[in-house]
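Asks: I am attaching a structure below and will ask some questions about it afterwards.
What follows is calculated from the coordinates using simple rules that are stated; it is not laboratory data. Computed from a predicted structure; not experimentally measured. Reconstructed Cβ throughout: ideal geometry from the backbone, glycine too, with neighbour counts over all protein chains shown.
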Amino acid sequence: MCLVEPGGKKLTIARFNGRIFAFAHKCPHASGIMADGYINAAGQVTCPLHRYRFDMQNGRNTSGEGYFLKVFKAEKREDGIYIGLEDKGFWGLL
Ligand code: FES
């Protein structure tokens, strides 16, 4: 895993079994830095602070605490990795 900052937005990029995943920089529980965690054998990202686990594809909290990790579409192409980011909206607040 690593931290990237496309367009000024911090994200975590992870590679697992040849696939690329993109998700939030900070954990939804108490802002643990997700890139400092690890991916378990089942392909779930584990937060380094309290070890909550999340599905990297849909953000579901697989350890059962009821949180949701923001995930983004990610795709590896010949010329690089592409991440689907949302528009910032009218006020640029998103
Ligand atoms: S901050 Fe991530 S599990 Fe608590």
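Asks: Residues in the stretch 58-67: is at least one within 17 Å of Leu85 (Cβ to Cβ) and surrounded by 16 or more Cβ atoms within 10 Å (Cβ to Cβ)?
Replies: yes
Asks: For the stretch 12-56, give me the residue count where each residue is in contact with a strand residue (DSSP E or B) (Cβ under 7 Å, 6 or more places away or on another chain) and more than 16 Å from the ligand (Cβ to nearest atom).
Replies: So the count comes out to 6.
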